[in-house]
Structures are given as C-alpha cells and as structure tokens.
1. Which length gain, in nm to one decimal place, applies between residue 323 and residue 150 when the Cα-Cα distance is subtracted from 0.36 nm times their residue separation?
2. Can you give the alpha-carbon Rg of the chain over 2.2 N^0.38 Å, where N counts its residues?
3. By counting other Cβ atoms within 10 Å of each Cβ, how are 96, 226 ranked from fewest to most?
4. How big is the Rg/Rh ratio for segment 128-224, C-alpha atoms only, Rh by Kirkwood, two decimals?
5. Points 7 angstrom from Cα along the Cβ direction at residue 142 and residue 228: gap in nanometres?
6. Need the full-extension length gain, residue 284 to residue 303, defined as separation in residues times 0.36 nm minus the C-alpha distance. One decimal, nm.
7. Kindly identify segment 256-319 as rounded, prolate or oblate by the Cα gyration tensor criterion: order the square roots of the eigenvalues as a ≥ b ≥ c, call it rounded if a/c is under 1.5, otherwise compare a/b with b/c, prolate if a/b is larger, else oblate.
8. Calculated from DSSP H runs of 4 or more alone, at -39500 (n - 2.57) each and per residue, what is the 222 nm mean residue ellipticity of the chain, nearest 500?
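Where a number appears in this text, it was derived from the coordinates with a stated rule and is not lab data. Owing to the predicted nature of the structure, the values given are computational and were not obtained by experimental measurement. When we count neighbours, we look across all protein chains shown, and the Cβ atoms used for this are built from the backbone with ideal geometry, even at glycine.
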C-alpha cells in the first residue's frame, strides 16, 4: 500500500507539472495589466511605458498601464500585492517604492520581498553629484575638504525628506564625516533652481535634469553615484573612484508579480522581459532618456533590493525619518 500511495503521489506531481507547463505555454491569453504606482507623465511612468511596449511586442499581448500614484508609491504597490497571482497583473516600481517607502511607512501594505515574485530589474539611472560653481571644488575630495573647513556652511537640496537624493546626501555626510545642511523642497525642481541660484550649493539629481545647467556652466558635475561609470558620462568618475567605495544611489526600476505566481509563468515573464530589454527599440529609447536596461535573473533584483535596504536603512533609523500615513 505504501508503494501504491507513493506512486499515486508521484503521478499527481507529474500531472501538476504537466498542467503548469501547459498553462505557461498558453500564457498569456489576454492583455496584462501593469500597475505603475506613480502619476502619469513622471519619469517612472515614462520608463514603464517604454518597457511595456517592448514587453507587449515580445510576449504577444498588450500591456495596459494602470497608474495608481500616491503615498510614496505604496497605494499602487499594495494593490499589486493583493492581485490574483496569475500573471495578468504586474507591478512596475522603483527603488523608492521597493526600498525607501517600506522604510518610511509603518504600514505600507506590502513587503517588497515576501509580497511579490521578482521578475526582473528593468532600468537604471544613477544620481549625479553637482555643486554650484561658487563652491571651490572640482572633485568630491575637494568638496569634502572644503566642507570640513567650513562646517555647517554648505547646504544640500533635495525634493523632500526621505527621497533618494536626500538619502544620498545623508550617505555622503556619513561616509565623509562632514557637516552639510539638508534643505528639503516640495519637489526636485525648486531645489535645483535654488542650487543653480546659489541659495543651496550641493545636490544629487538625475543626469537628464542637471546636464543642461552643467553644459551652460551653471552647475559643476563632480561624480556619478553608480557602481561603474555611466556609459552616457564616461569621463565622470564614480563616487567609489572619488574615495567612497560602496557609495551607490541609483534610481532603478523593476518588474514584479504578486507572490504565489506560478514558477513557470514567472520564468516566462523573466525571459520575455529580458528579450524586450535587449531589443534595439527599447535600448535606444531608454538611452534617449539617459537610462540603461538592466535585465538578468530575478536574483539580481532581489540582491539590488537587499543592498539598497542595507545602505539606507541605518540612515532612515538614525534620522528618525517617517512618512505621514
């Protein structure tokens, strides 16, 4: 009898595996919804639409963007986490939604690791460090030396407390041991305006935003906050090359599915996302936005989330940063 029960159990598992493979082969049979937890028209939404167009062409079904912005990306992310794990609802989120907001919100409504099945990292835009030209510094080390000689006299701008540029500035303060003052603004635009005008002197921001001012001589570009040099700024050193190994602050994006999505479907999504990201159309469009495609296995995304959490969680805790819910 024991042998019979074992044989039956093995038979059931084989049948389930065959059924799962058949579902994956047939998938997708209808359009796929991709929740973007930011309003339409912003940088994350723009990246999502570029990737969605490529993914739709590669997988053979339309990808319908569903913007669910608000509360630091938590509203849309929580909705995606609650969706049926059948491969027909995906989440296109960013480092802000998958790392920073879960650190700031006591009850975000999802866990970036346990609530989702990681599909693939999608795009990456590193932050860059710029200063007003009145600051006598042509390198990160010169900036640090000047800041140490003038404690509390330099201000760094951000689009608000708890944003990635804010945490990047705090990371620089911590690693360099300098006293620079954070000035939060209601959005990155006003902060950039005041950095150009000299009311603040330092800022981390994305290249597309600051490069027109760099080219006009109104800002000085010191470093890029990525692990390796930005292919779009090959002559600009990284923060690591500038004396701060391990310093990274990049605005990456990723695709995830609700936890419990069948492995065969998740694997098919990963393969198709990678194919889309490797297409010339997607890569060239992303390049025009100053972004690079990432791709790779799901483990790459899992590691990115873990690394950023380890990097920024101590800063959030030290500054007692919280978000109002």
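1. Working: separation 173, 0.36 × 173 = 62.28 nm, distance 3.17 nm.
Taking residue 323 through residue 150 to full extension adds about 59.1 nm, to one decimal.
2. The chain yields a ratio of 1.11.
3. Result, fewest neighbours first: 96, 226.
4. Rg divided by Rh gives 0.92.
5. For the pair residue 142/residue 228, the computed spacing is 2.9 nm.
6. Residue separation times 0.36 nm, minus the Cα-Cα distance, leaves 4.2 nm.
7. It comes out oblate by the Cα gyration axes.
8. After summing the helix terms and dividing by the residues of the chain, the value is -14000 deg cm²/dmol.
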